[in-house]
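These notes concern the structure reproduced below.
Where a number appears in this text, it was derived from the coordinates with a stated rule and is not lab data. Computed from a predicted model, the values in this text were never measured in an experiment. All Cβ positions, glycine included, derive from the backbone under ideal geometry; neighbour counts span all protein chains shown.
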Amino acid sequence: MSDALLKELFSLEGRVAVVTGGTGVLGGAMAQGLAGLGARVAVLGRNQERAGKAVASITAAGGEAIALLADVNSQPELLAARDTLLARWGRVDILVNAAGGNVAAANVPDDASLFDVPKEAFAQVFDLNLMGTLLPTQVFGRAMVEHNREGGKQPEGSIVNISSMAAIRVISRVAGYSAAKAAVDNFTRWLAVELARKYGAGMRVNAIAPGFFVGEQNRALLLNPDGSLTARGNKIIEHTPAGRFGEPEELISTLGWLCSPGARFVTGLVVPVDGGFNIFSGV
């Protein structure tokens, strides 16, 4: 296979990507990775300072990026962000729904019961993960379809949702988060069928299910202040054949593939990037 063909299959030159949650550890790495593959990247988040730092990091590495300030649960803010993006670059080709996270009150600790978890906590974690995937998809997905229709072409676009091992395997404590991410998986598959049937094979939807990566929300659960493993962190490593946590940069190649022409016949897939956690029984 020639270098030219490889570049054609996997380059993102000329494409415009939106990364929600792009100010976080994993979202930031994915935004940086897409820029490195040639995409112009809109980093969407709620904190202006952090979004600005993410953009500065991309531009310092030679990429092109802008910051979009919006809450993924606010349709008016997302619409305003979309208008800003379209005024700047005129199109949307890629949407990465990386915003999400857990809500502590929706957990079930060992000394408590599911019967005591408040309904509001479950609703909050579903808003953050499922609705926080649905609303950006409605706003930026429409832009993908309409841009191509205006040019008389078949719509093209790649939506990549971020799932979790908690959607695939039963993991103790995280009841609300597990259910919300399982809903994201189901929505990914449903939307892949819906968009392909209504708008053509150029509209694709997939998801990545990261294994265990150390981020802002889970650091204290996985690592002690001295960097050693907590009891929970040790259990996770014991059930990860690779024997370690993932590095944020290890999500980039899978994301780049799913967004590229090389994956033009791939849709409705949830890809684990987990060091083997999802396949290991522990025996």
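Under the Kirkwood approximation for Rh and a Cα-based Rg, what ratio Rg/Rh is obtained for the chain?
Details: Rg = 18.8 Å, Rh = 19.4 Å.
Using only Cα positions, Rg/Rh for the chain is 0.97.
Both the radius of gyration and Dmax for segment 1-89 are 13.7, 47 Å, in that order, over alpha-carbon atoms. Projecting the Cα positions of Asn224, Val270, Ser253 onto the charge dipole of segment 211-283 (unit charges on Cβ atoms of Lys, Arg, Asp and Glu, taken about the Cα centre) puts Val270 furthest along the positive direction. For Gly211, the residues whose amide H sits under 5 Å from its own are Val273, Asp274, ignoring neighbours fewer than 5 places away on the same chain, with H placed 1.01 Å from N.
Once the convex hull of all Cα atoms in segment 103-175 is built, its volume per residue stands at 88 Å³. What is the log10 of I(q)/I(0) for segment 163-241, computed with the Debye formula using one identical point scatterer on each Cα and no solvent, at q = 0.15, 0.17, 0.20 Å⁻¹? Summing over Cα pairs of segment 163-241 leads to -0.64, -0.75, -0.90.
Please state the Cα pair-distance histogram of segment 13-171 with 10 angstrom bins from zero: what percent is in each bin? In order of increasing distance, the bins hold 11, 38, 30, 15, 5, 1 percent.
What is the fewest-to-most order of Met131, Met30 by other Cβ atoms lying within 10 Å of their Cβ?
In order of increasing Cβ crowding within 10 Å: Met131, Met30.
Counting only Cα atoms, I'd like the Rg/Rh figure for segment 139-193, Kirkwood definition for Rh. Don't jump to the answer; show the numbers that get you there.
On the way: Rg = 15.6 Å, Rh = 13.1 Å.
Ratio of gyration radius to Kirkwood radius: 1.19.
Across segment 198-283, Cα-Cα pairs more than 19 Å apart make up 49 percent of the total. As a length-normalised measure over Cα pairs under 8 Å and 6 or more apart, the relative contact order of the chain settles at 18 percent.
About the Cα centre of segment 68-129, how large is the charge dipole given +1 on each Lys and Arg Cβ and -1 on each Asp and Glu Cβ? Please answer in debye to the nearest 20.
440
Looking at the chain, the DSSP beta bridges with both ends there are about 5 percent antiparallel.
What is the extension gain from Ala87 to Glu8, computed as 0.36 nm multiplied by their sequence separation minus the C-alpha to C-alpha distance, in nm to one decimal?
25.7 nm is the gain from fully extending Ala87 to Glu8.
Note the angle between two axes, namely the Cα long axis of helix 25-36 and the longest principal axis of the Cα atoms of the chain, as a number of degrees from 0 to 90, rounded to the nearest 10. Orientation of helix 25-36: about 30 degrees from the principal axis.
If you place +1 on the Cβ of every Lys and Arg and -1 on the Cβ of every Asp and Glu, how big does the dipole about the Cα centre of segment 1-153 come out, in debye to the nearest 20?
On the way: 13 positive and 16 negative charges, 116 e Å.
So the dipole magnitude of segment 1-153 works out to roughly 560 debye.
Projecting the Cα atoms of Leu114, Gly14, Ile168 onto the dipole axis of the chain, where Lys and Arg carry +1 and Asp and Glu carry -1 at the beta carbon, places Gly14 farthest toward the positive end.
So if I take the centroid of the Cα atoms in segment 146-204 and the same for segment 74-107, what is the distance between those two points in Å? Segment 146-204 and segment 74-107 have Cα centres spaced 14 Å from each other.
May I ask you to derive the FRET efficiency for Ala220 and Ser57 from their Cβ-Cβ distance with R0 = 35 Å, giving the value to the nearest 0.05?
Numbers: r = 25 Å, r/R0 = 0.72.
For R0 = 35 Å, the calculated efficiency reads 0.90.
Using Cβ contacts closer than 10 Å as the measure, can you line up Ser172, Ser163, Ser281 from fewest to most? Please report the intermediate quantities before stating the final value.
Working: Ser172 12, Ser163 27, Ser281 5.
Sorted ascending by nearby Cβ count, the order is Ser281, Ser172, Ser163.
Residue separation of Glu247 and Ala80 scaled by 0.36 nm, minus their Cα-Cα distance, works out to 56.8 nm of gained length. Axis of helix 175-199 versus longest Cα principal axis of the chain: the two differ by about 20°, to the nearest ten degrees. Site pair Gln154 and Arg46 shows an inter-label distance of 4.0 nm when each label is modelled 7 Å from Cα along Cα→Cβ.
How much mean residue ellipticity at 222 nm does the chain get from its helices, if each DSSP H run of length 4 or more adds -39500 (n - 2.57) and you divide by all residues, to the nearest 500 deg cm²/dmol? One gets -13000 deg cm²/dmol as the mean residue ellipticity at 222 nm. For the chain, the longest principal axis of the C-alpha atoms and the axis of helix 48-60 are separated by about 60°. Taking label points 7 Å from Cα along the Cα-to-Cβ direction, Ser281 and Asp116 give a separation of 3.5 nm. Taking only the alpha carbons of segment 104-258, we obtain Rg and Dmax values of 18.4, 60 Å in that order.
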